[in-house]
Structure formats: structure tokens, C-alpha cells
Amino acid sequence: MEPDGVLIGRSVHGRPDAFVDVARRHEVAIHAYLARRAGRQAADDLLAEVWLRAFAARGGYDTQHADARPWLYGIARNVLREHWRTGGSGEAAALEEERLDPWDGVDARLDSAERAKAVVSAVRELPAAEREVLLLVAWEQLTPAEAARVLGVAQGTARSRLYRARATLRRVLSERDAEDEAGVSA
Amino acid sequence: MSDESAGLETGELLSAIGKVRMPEPRVLEDAREVLWSAIASEMLGIGPSGEQATVTGGSAGGDEDHRRTVRRRQQMPTDVQARKNLSDI
């Protein structure tokens, strides 16, 4: 399989149709990225906009990067921000609503749906910058370095945000567990 | 519960919360159709406002191939058919 960078390079130099292979390769992942943050309907509506912007911007792609996902997520992120600016609901609200979507499956796998709700609540309370890195790693399966590319920040910045987000989550959930245990024994 | 096990569990929960259903195939096809339109415009040298422009890149012969492909493409309703025609190049 040819790397994304090769396909994008080809699409810039005389074969624009080569870009369709990049879209086809990542369309499910990009749709999922949009759906997790803005809901399924918005994802359906916004996916084409991501392709149009990516196609228009492909001349600036660094073809040394074999995997185009971080670049595409970055474009999808900008599309989402504009969507929210022009009337869509915010990311934190979307997270709260979107958790209803996979909830049946989650219930089946977890001992306690309450704990998952606690995680959602804790994630929502994170600073936006930390939450973004955390979810890029947890949901999009990116490395911290790839998340840094999405966000346009230094790798060290992404790593420190991820570290802080994980530490905060652990602390919040531990505190919640302690409160629950205290409530049970009281 | 140790910090490590708490971290692992939180990671699993996060992944579970992030699960979304696969999009309908029609949604993906529709988005690709929009992309194809942009590609066709570029291959025909038509800018966003509809003006004719110079096609960049590729040999002259290659450009003519692309234009033929795009002309065929514009007559086709589906992405599947487009792919078949491009394979004829």
C-alpha cells in the first residue's frame, strides 16, 4: 500500500484523482472523529467539507509524513470549530450527548455504567487543551507526537498536556471512589 | 486500586465512550462525490467561480487523458463507476 504522502504528492503533480484514495482510506476514521465530537448528523454533513478543504490545501502537505491522519484530523478540527461558531453546540456538550450513542454497547462491557458516567464527567471538566490531546490519543489512537501535529503544538506541549489530563482523571476518579466507599460504609 | 490499574481502566472506559457506529455507506459516497466534483473542476481547469484556468502539473498528453477522464466522470452518477473508468487510463 502506498503511503499517504506519495498519493498526496501525486495528486499535486498532475494526478488530482489520486487524492480520492487518501479520502477512501481515512473516511471512516474522519467521520468517527467528527461524530464523537459533534454527533452523527453533523458528521454526515461535515465530512465532505473536510475533503474539500484537504484537497484545496494538499499543496502544503509535507509528503515526508507517510500517514495523513494527523493532517486530516487538524482540518476536521478547523471544520468543527467553524461549525460550532456558526451555531453548532460546543464540544463539551457534544461529549455529553454523544455518550448516549454507544451506550448500550458500553453497558454490556462494563461492571458499572456509573463509573463510565464518572469518566465522562471528569473528561468534560478537563481544560479544553488537555481534553483534546487526551481524546486524540484515546479515541483516534494517535501518538502524542501525532496529536501535536493535529493541534499545531510542540510535541513536548502535547505530552505534558496528556500527562496532566491523565493525572487529573486518576485523581478525580480516585476521589470519587473514596467518596463512594465512604458512602457505603457510613 | 493502584494508580496503574486505575489508569488502564480509565483508558478502556474512554475508548468505550468514544465508540461510534459506522457511517452509512451512502454518507461516505456522497462526500466522495463532492470531492470528485472538486477534482473534476481542477482537471478541467475550472476555478471556483467557473473561470477557465491553466491545468498545472503532468504532461500535455497526460492532461488530455485527465480531461477525457473527467468528461466521462461528469456523466457518471456513482463513485464506483468513476473508479472503473479511471482504471481504464
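The values are calculated or read from the model by the stated rules, or taken from the named source; none is laboratory data. Since the model is a prediction, treat every value here as computed from it, not as a measurement. As a convention, Cβ positions derive from the backbone with ideal geometry for all residues, glycine included, and neighbour counts pool all protein chains shown.
Criterion applied to A:Thr168, A:Thr157 was being more than 11 Å from chain B (Cβ to nearest Cβ), surrounded by 14 or more Cβ atoms within 10 Å (Cβ to Cβ) and among the hydroxyl-bearing types (Ser, Thr, Tyr), and the one residue passing it is A:Thr157.
Among the residues of the range A:1-29, count how many are within 9 Å of chain B (Cβ to nearest Cβ) and either in contact (Cβ under 8 Å) with a residue 60 or more places away in the chain or in a helix (DSSP H, G or I) (or both). Qualifying residue count for the region: 10.
Report yes if A:Asp44 is touching a Pro at 6+ places or on another chain (Cβ under 9 Å), within 14 Å of another protein chain (Cβ to nearest Cβ) and at pLDDT 95 or above, otherwise no. Here the answer is yes, as A:Asp44 does meet what is asked.
When the residues of the range A:32-45 are narrowed to those that are of a type outside the set (D, E, K, R) and surrounded by 23 or more Cβ atoms within 10 Å (Cβ to Cβ), which ends up nearest to B:Ala31 (Cα to Cα)? Before you say what the answer is, go through the steps one by one.
Filtering the range A:32-45 for residues of a type outside the set (D, E, K, R) gives A:32-35, A:38-39, A:41-43.
Those left that are additionally surrounded by 23 or more Cβ atoms within 10 Å (Cβ to Cβ): A:33-35, A:38, A:43.
On the way: A:Tyr33: 15, A:Leu34: 13, A:Ala35: 15, A:Ala38: 17, A:Ala43: 11 Å.
Restricting to residues being of a type outside the set (D, E, K, R) and surrounded by 23 or more Cβ atoms within 10 Å (Cβ to Cβ), the top hit is A:Ala43.
Listed conditions (1) basic (Lys, Arg); (2) over 20 Å from the mean Cα position of the chain (by Cα); (3) modelled with pLDDT of 95 or more are all met by A:Arg25, apart from (2). Applying the criterion of at least 2 residues that are in contact with a strand residue (DSSP E or B) (Cβ under 9 Å, 6 or more places away or on another chain), at positive phi and not hydroxyl-bearing (Ser, Thr, Tyr) to the helices (runs of 4 or more DSSP H) found wholly in the range A:128-186 leaves an empty list.
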